[in-house]
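Below is a structure I'd like to ask you about.
FYI, it's all coordinate maths here, none of it is from the lab. Just so you know, these numbers come straight off a predicted model, no measurement behind them. Because the Cβ atoms are built from the backbone with ideal geometry, glycine has one as well, and the counts that use them run over all protein chains shown.
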Amino acid sequence: MSVTRPRPVIPEDLPKLLHSLSYAVIKNQPHDIISFAVEHFTLMYHEREREKVRDEKTNELLYLDEYEGQLC
């Protein structure tokens with residue numbers, strides 16, 4: 001009797017993240033890959049947060065433009 005285990009679900013962004021890290025490691029040849037990975041993912045996190053803020057500000061400006069257009 002064989003036991004069938006469910007296949008794990010791979011998060012959608014995981015391949016992209018691993019590719020990004022692999023490319024950066026090959027390009028930079030760090031001596032400490034773990035510390036390099038921490039820095040790499042920290043930079044990616046901060047960039048994502050900056051993009052969120054930028055998107056929120058853009059949405060606010062678009063909303064204000066629409067609102068002002070309705071007033072005229």
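For the range 1-61, run through the GluC sites (Glu not before Pro) and keep only the ones in DSSP coil with at most 12 other Cβ atoms within 10 Å of their Cβ.
Listed in order of number, the matching sites are Glu12.
Next question. Please give the length that would be gained between Lys57 and Val3 if that part of the chain were fully extended, namely 0.36 nm times their separation in residues minus their C-alpha to C-alpha distance (nm, one decimal).
14.2 nm
Let me ask something additional. Please turn the phi angles of the range 20-35 into ³J(HN,Hα) values with the Karplus equation 6.51 cos²θ - 1.76 cosθ + 1.60 (θ = phi - 60°), one per residue in order, whole Hz, x for glycine and proline.
So the J values, rounded to whole Hz, are 4, 5, 4, 4, 5, 5, 5, 5, 9, 6, x, 6, 10, 5, 5, 5.
Still on this structure: Contour minus end-to-end for Leu14 and Phe36, with contour as 0.36 nm per residue of separation and end-to-end as the Cα-Cα distance?
That pair, Leu14 and Phe36, stretches by 6.2 nm at full extension.
Report the gain in length on full extension from His46 to Lys27: 0.36 nm times residue separation, minus Cα-Cα distance, nm rounded to one decimal.
The His46-Lys27 span can extend by a further 4.7 nm.
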